[in-house]
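Worksheet: the structure to be examined is printed underneath.
A short reminder: the numbers here are calculations on the coordinates, not readings from a lab. No experiment lies behind these values; they were computed from the predicted model shown. Note: ideal-geometry Cβ built from the backbone for every residue, glycine included; neighbour counts use all protein chains shown.
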Amino acid sequence: MTLGEEFAQLLATRGLGTFNADGSAGGTIFLAALPTTPDRCKAVALYGGVESSTLLDYDEPRVQIRCRAGTDPRQAETDAQAVYDTLHGLGRVTLSGGTWLQLAVGIQAGPVYIGRDANGRHEYVTNFRAEISRPSPNRTT
């Protein structure tokens with residue numbers, strides 16, 4: 001299971017949408033990019049982070065949750081704020097794929113408006129630093 005899938009599943013189990021882990025159509029939480037439908041949905045994407053240790057099984061990837069809604073920007077902002085409230089400060093939990101989430105920290109003070117998509121739907125993002133532990137064969141702890 002990928003880290004993106006683990007965060008998508010975490011959002012789903014916390015009541016923020018539905019994620020089809022088998023990749024089938026439907027749901028409201030997606031990986032990497034937003035599909036053309038539904039109007040109101042979320043995407044989980046990973047990006048950058050600080051350099052990882054070659055010794056410790058500890059990483060700090062960045063996770064972005066993109067929220068889209070219809071033509072009322074309040075819906076997208078409300079969804080993004082719910083994501084922020086759910087993840088910011090969450091820690092000491094094992095994610096569904098076995099990754100230990102020590103702590104998730106919002107790297108902005110809340111949702112950030114990024115504009116409208118090509119269909120005029122409003123979008124907000126929330127960005128997090130995830131402190132995680134996942135063993136790998138080349139690191140010793």
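I need the trypsin sites (Lys or Arg not before Pro) found in the range 59-105, filtered to DSSP loop residues with at most 10 other beta carbons within 10 Å of theirs.
Numbers: sites: 62, 66, 68, 74, 92; in loops: 92.
Qualifying residues, ordered by number: 92.
Take the eigenvalues of the Cα gyration tensor for the chain, scale each by 5, and report the square roots as semi-axes in whole Å, largest first.
Values: eigenvalues 153, 50, 31 Å².
The three semi-axes for the chain are 28, 16, 13 Å.
For the chain, what does the helix formula give at 222 nm: sum of -39500 (n - 2.57) over DSSP H segments with n ≥ 4, over the residue count, nearest 500 deg cm²/dmol?
Numbers: 2 runs with 26 residues, N = 141.
After summing the helix terms and dividing by the residues of the chain, the value is -6000 deg cm²/dmol.
So between residue 36 and residue 117, what do we pick up on full extension, going 0.36 nm a residue minus the alpha carbon distance? Each step should come with its number before you reach the end.
Working: separation 81, 0.36 × 81 = 29.16 nm, distance 0.99 nm.
Using 0.36 nm per residue and subtracting the Cα-Cα distance, I get 28.2 nm.
Could you work out the relative contact order of the chain, using alpha carbon pairs under 8 angstrom and six or more residues apart, expressed as a whole percent?
On the way: 308 pairs, mean separation 34.0, N = 141.
Across the chain, relative contact order equals 24 percent.
Once both axes come from the Cα atoms, what is the angle between helix 73-87 and the longest principal axis of the chain, in degrees from 0 to 90, rounded to 10?
With both axes taken from Cα atoms, the answer is about 20 degrees.
Provide the gained length on full extension for the span residue 93 to residue 20, in nm with one decimal, where the gain is 0.36 nm per separating residue minus the Cα-Cα distance.
Working: separation 73, 0.36 × 73 = 26.28 nm, distance 2.15 nm.
So the chain would gain 24.1 nm between residue 93 and residue 20.
Rounding to the nearest 10 and keeping the result within 0 to 90°, find how far the Cα-based axis of helix 3-13 lies from the longest principal axis of the chain.
Taking Cα atoms only, the helix is inclined about 60 degrees.
Between residue 103 and residue 52, what is the spin-label point distance in nm, taking each point 7 Å from the Cα along the Cα→C-beta axis?
Roughly 2.0 nm, to one decimal.
Just to confirm my numbers, what's the Cα centroid distance between the range 62-141 and the range 2-41 in Å?
12
Could you list 79, 57, 22 in order of exposure, starting from the residue whose Cβ has the fewest other Cβ atoms within 10 Å?
Values: 79 23, 57 16, 22 5.
Ranked by crowding around the Cβ, least crowded first: 22, 57, 79.
If you take every DSSP beta bridge whose two residues both sit in the chain, what share of them, in percent to the nearest 5, is antiparallel?
Details: 29 of 32 bridges.
So the antiparallel bridges in the chain amount to around 90 percent.
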